[in-house]
Amino acid sequence: MDEAADHAARLLAALGLDLSGPELAATPGRMVRALKEMTTPPTFTATDFETTAEPGQLVLVRDIRLVSVCEHHVLPFTGVAHIGYVPRQRILGLSKVARVVHHCARRLQVQERLTGQIADWMVEHLDPAGVAVLLSAEHTCMTLRGVGATGSRTTTSSLRGVLLDDPAARAEFMSLAVSAP
C-alpha cells in the first residue's frame, strides 16, 4: 500500500496539486485505501436452502444498492439492482442475493458486464429455472465530467432460462421490478 500511495502522490503532483500542506498530505494514502476498498470483492459464503417454493414461483429481491468503479475512468457508478429467480431445488438466503451484487460490483467494471456476471453467478450456484437481473445506475463519468448529463441513468438487463424464454414470466419480473414499492 505504501508503494501505491507513493504513486498516487506522484499522480496528484503531476496534476498540479500541492501535497505539502496539512490538508492534502494524507490524501494519497486515503485515495489508495478508498480505491482498494471499492475494487476488492468481499468474500462470503453462499448460504442456500432446499426450496419450499411452489414450482414456477418467482423470488425477487429489489432495490439492492450498488457501488462500482468504471473501468474506463476509474470513477464510481451507483444505483440499484433488482434480482429475480425461479428456484428448482435450492433457494439462496435473501441477504446473500445482496452479497452477490456487492461481490460482483467490487472491481473495475462496466455495468453491462456486471449485469451478466450477477446472472451467471446465480445460474452457476443455484441452477434455477430462470434468472433476471435489472440494474439502473448513475455514472459519474457522465454526470460529473464530459457531457455533464446530470440525473441520467443507465439501465441494463440480463435474462436466463424461463425468464428469458417465457414472455409471461419475463413480464411478471419486469412489472414487479419496476413497480413502486
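The figures follow:
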read-out: Accessible area of segment 76-169 divided out per residue, in Å², using a probe of 1.4 angstrom; value: 43 Å²
read-out: Residue 73 long-range amide H proximity, modeled H, under 5 Å; value: none
read-out: Ordering of 33-41, 100-108 by packing [mean C-beta count within 10 Å, highest first]; value: 100-108, 33-41
read-out: Size of charge dipole - segment 105-181 - debye, nearest 20, with Cβ of Lys, Arg +1 and Asp, Glu -1, no other charges; value: 440 debye
read-out: Which labelled figure in (i) 14.0, 38; (ii) 17.1, 60; (iii) 19.6, 65 is Rg and Dmax of the Cα atoms in Å, once derived from the coordinates; value: (iii)
read-out: Per-peptide average of other Cβ atoms within 10 Å, ordering 10-17, 90-97 highest first; value: 90-97, 10-17
read-out: Hz values of 3J(HN,Hα) by residue in segment 19-30 - Karplus curve (6.51, -1.76, 1.60), Gly and Pro given as x; value: 8, 7, x, x, 6, 10, 4, 8, 4, x, x, 5
read-out: Accessible carbon and sulfur surface of segment 1-156 relative to its total accessible area, %, 1.4 Å; value: 55 percent
read-out: Highest average packing first - 146-153, 157-164, Cβ atoms within 10 Å; value: 157-164, 146-153
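The values are calculated or read from the model by the stated rules, or taken from the named source; none is laboratory data. Computed from a predicted model, the values in this text were never measured in an experiment. Neighbour counts are summed over all protein chains in view; Cβ atoms, including those assigned to glycine, are modelled from backbone coordinates with ideal geometry. Surface areas here come from the heavy atoms of the whole protein model, side chains and all, with no ligands, DNA or RNA. Shrake-Rupley method; radii C 1.70, N 1.55, O 1.52, S 1.80 Å.
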